[in-house]
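Engineer: Here's a structure for you.
The values are calculated or read from the model by the stated rules, or taken from the named source; none is laboratory data. Computed from a prediction, not measured in an experiment: that's the story for all the values here. As a convention, Cβ positions derive from the backbone with ideal geometry for all residues, glycine included, and neighbour counts pool all protein chains shown. For accessibility, only protein heavy atoms count, side chains too; no ligands or nucleic acids. Shrake-Rupley method; radii C 1.70, N 1.55, O 1.52, S 1.80 Å.
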Amino acid sequence: MSLAANDPSRESWLDIPDNSDFPIQNIPFGVFLTRDDIITIGTRIGDYAIDLGALHQLGYFEGIPLTDDIFLQDTLNDFIADGRKTWRSVRNRIAEIFDIKNDTLKNNEKDRETVLFTLDEIEMQMPVEVGDYTDFYSSKEHATNVGKMFRDPDNALLPNWLHIPVGYHGRSSSIVPSGIPLHRPQGQKLPKGADEPIFGPSRLLDFELEMAFITTASNHLGEPIPIEEAESYIFGMVLFNDWSARDLQKWEYVPLGPFLGKNFGSSVSPWIVTLDALEPFRVEGPKPVKELLPYLKTKGKKSFDIDLEVAIKPENADEETVVSNSNFKYMYWNMSQQLAHHTVNGCNVRSGDMMASGTISGPTPDSYGSMLELSWGGSKIVKLKNGEERKFIEDNDTVILRGHCQNHEVRIGFGEVTTKILPVFKS
Ligand code: CA
């Protein structure tokens, strides 16, 4: 099916601000609570949120095989499970409904009032119920930096790293949408030079600049997903901040990997941008350094050129400070390789599963995707515009991740994921 929704020449009868992340060519999917306290699945064009449940009830999706309640749900899981043909039909239809050449909804004031909301009238929710969350470790620059700091500067990458997309299973219950604050975690940590751990608030709280992809129901238990089919099971992507407590992490991570240093919270942007919308921004990823096993070999442009940034805004600062500029294209392992690897042993993947990239660090110090790297383990200072200094994240800091793609015709963006860090929880 054609990606008619991507037509860069298409204009909408809705007002779209210049440089919006959400032109009519984007058409992301999300879940929101309306002014009447009704939860619905929706999309966004410019600064309007569009109630797809209401549009469907009014008959605007006629001819597309959809169940009556497909959009009247509090998650996108069932819609995503319908598969790529359905996502494409719906995205194409939404593009037609809001096309400047189409008067049907534009001239129907009653319908328009029912389906259109301004952003201050809605509250974004988690877009999917995440059954399983997997976090990869797929940026070579990040893995090298962390290996240098945590282990051995001369052998920063472990021998397996260039052969498999290293990952671990994370915790889905604590994944929250943008706007939900998180408390500073506490736990065990080993002070420098000490033999015994102490208990207390994490002092090395960090963000991780990541993106995550969301899958549809992909395979039966026991059945691997061939790498050339992997992308057809990926619905779309979000920005993903994988909060990390470095002091807890350092003490606990051997031998089984991350646990309480990671599972106290991860934050996602609320609109899932479809892989289809990202189609014009395909690029080739880095060339493999080592010959890959056949099940991990990909051809062509399997990565995406997505500019990313991280900003910190202290509580009393007038303005934020951008502390990192990176790009998704730096990822050594692409999403197809991650999904093929994840399932090569027969592990089954379900609709709404979320797979994060790992921290996306670029080659230069200003493109590092965590405070651990930006402050090089706390040995350097990151200066903020209001004169404050940071090595890690302080109480009441707000951390903002943003991402967008841009070419000479269109800009497709993810909006942002914004999280405020509250002090340690006190009962
Ligand atoms: Ca991570």
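Engineer: Identify all residues within region 149-188 that are among the charged types (D, E, K, R) and either out of contact with any Ser or Thr (no Cβ under 7 Å at 6 or more places or on another chain) or open to solvent by 40 Å² or more (accessible area, probe 1.4 Å) (or both); write none if there are none.
Structural biologist: ARG151, ASP152, ASP154, ARG171, listed by residue number.
Engineer: Further question: Please verify whether LEU105 is within 27 Å of PRO280 (Cβ to Cβ) and open to solvent by less than 20 Å² (accessible area, probe 1.4 Å), treating the condition exactly as stated.
Structural biologist: Values: within 27 Å of PRO280 (Cβ to Cβ): yes; open to solvent by less than 20 Å² (accessible area, probe 1.4 Å): yes.
Yes.
Engineer: On to the next question. Please indicate, with yes or no, whether at least one residue in region 205-228 is farther than 23 Å from LEU339 by Cα, open to solvent by less than 10 Å² (accessible area, probe 1.4 Å), within 15 Å of the ligand (Cβ to nearest atom) and touching a helix residue (DSSP H, G or I) at 6+ places or on another chain (Cβ under 6 Å).
Structural biologist: yes
Engineer: Which residue is nearest to GLY42 (Cα to Cα), if the candidates are limited to region 74-90 and must be surrounded by 19 or more Cβ atoms within 10 Å (Cβ to Cβ) and within 20 Å of the chain's Cα centre (by Cα)?
Structural biologist: Per the criteria, the residue is LEU76.
Engineer: State the number of residues belonging to region 403-427 that are among the polar types (S, T, N, Q), in the same structural domain as PRO314 (by TED's automatic domain parsing) and part of a loop (DSSP other than H, G, I, E, B).
Structural biologist: Selection size over region 403-427: 1.
Engineer: Continuing with the same structure: Residues in region 149-190 that are over 23 Å from TRP333 (Cα atoms) and more than 16 Å from the ligand (Cβ to nearest atom): how many? Give the derivation first.
Structural biologist: Pass one, region 149-190, residues over 23 Å from TRP333 (Cα atoms): 173-190.
Subset that is more than 16 Å from the ligand (Cβ to nearest atom): 173, 177-181, 183-184, 186-190.
Number satisfying all stated conditions: 13.
Engineer: Within region 252-288, can you find the residues that are at pLDDT below 95 and open to solvent by 50 Å² or more (accessible area, probe 1.4 Å)?
Structural biologist: Answer for region 252-288, where residues must be at pLDDT below 95 and open to solvent by 50 Å² or more (accessible area, probe 1.4 Å): TYR253, VAL254, PRO255, LEU256.
Engineer: Quick test for you: out of PHE32, PHE61, PHE22, PHE71, pick the one residue that is of a type outside the set (Val, Ile, Thr) and either in a strand (DSSP E or B) or at positive phi (or both).
Structural biologist: Going through PHE32, PHE61, PHE22, PHE71 in turn, the sole match is PHE32.
Engineer: Tell me, yes or no, whether region 132-146 has at least one residue that is more than 30 Å from THR364 (Cβ to Cβ), at pLDDT 95 or above and not aromatic (Phe, Trp, Tyr).
Structural biologist: Yes - at least one qualifying residue is present in region 132-146.
Engineer: Counting just the residues of region 229-242 that are more than 15 Å from the ligand (Cβ to nearest atom) and assigned to a strand (DSSP E or B), which one comes out nearest to the chain's Cα centre (by Cα)?
Structural biologist: So the first thing to find is which residues in region 229-242 are more than 15 Å from the ligand (Cβ to nearest atom), and the list is 229-237.
Still in the list and also assigned to a strand (DSSP E or B): 234-237.
On the way: ILE234: 13, PHE235: 12, GLY236: 9, MET237: 5 Å.
Looking at residues that are more than 15 Å from the ligand (Cβ to nearest atom) and assigned to a strand (DSSP E or B), I get MET237.
Engineer: Looking at this structure, is LEU66 touching a strand residue (DSSP E or B) at 6+ places or on another chain (Cβ under 9 Å), surrounded by fewer than 19 Cβ atoms within 10 Å (Cβ to Cβ) and hydrophobic (A, V, I, L, M, F, W, C)?
Structural biologist: Numbers: touching a strand residue (DSSP E or B) at 6+ places or on another chain (Cβ under 9 Å): no; surrounded by fewer than 19 Cβ atoms within 10 Å (Cβ to Cβ): yes; hydrophobic (A, V, I, L, M, F, W, C): yes.
Answer is no for this residue.
Engineer: Consider LYS287 carefully, then state whether it is within 23 Å of VAL146 (Cβ to Cβ), of a type in the set (D, E, K, R) and away from the ligand (no atom under 16 Å from the Cβ).
Structural biologist: So LYS287 passes the test.
Engineer: Check region 29-45 and report whether any residue there is of a type in the set (A, V, I, L, M, F, W, C) and either exposed (fewer than 15 other Cβ atoms within 10 Å of the Cβ) or over 20 Å from VAL176 (Cα atoms) (or both).
Structural biologist: The answer is yes, given that some residue of region 29-45 is of a type in the set (A, V, I, L, M, F, W, C) and either exposed (fewer than 15 other Cβ atoms within 10 Å of the Cβ) or over 20 Å from VAL176 (Cα atoms) (or both).
Engineer: How many of the residues making up region 111-148 are open to solvent by 40 Å² or more (accessible area, probe 1.4 Å) and either among the basic types (Lys, Arg) or within 15 Å of the ligand (Cβ to nearest atom) (or both)?
Structural biologist: Residues flagged as open to solvent by 40 Å² or more (accessible area, probe 1.4 Å) and either among the basic types (Lys, Arg) or within 15 Å of the ligand (Cβ to nearest atom) (or both) within region 111-148 amount to 5.
Engineer: So, one more: Output the residues belonging to region 324-340 that are open to solvent by 20 Å² or more (accessible area, probe 1.4 Å) and either at pLDDT below 95 or under 21 Å from ILE381 (Cβ atoms) (or both).
Structural biologist: Hit for region 324-340 is ASN325, nothing else.
Engineer: Of all residues in region 357-402, which are part of a strand (DSSP E or B), within 12 Å of VAL310 (Cα to Cα) and either open to solvent by 10 Å² or more (accessible area, probe 1.4 Å) or more than 16 Å from the ligand (Cβ to nearest atom) (or both)?
Structural biologist: Correct list: THR398, ILE400, ARG402.
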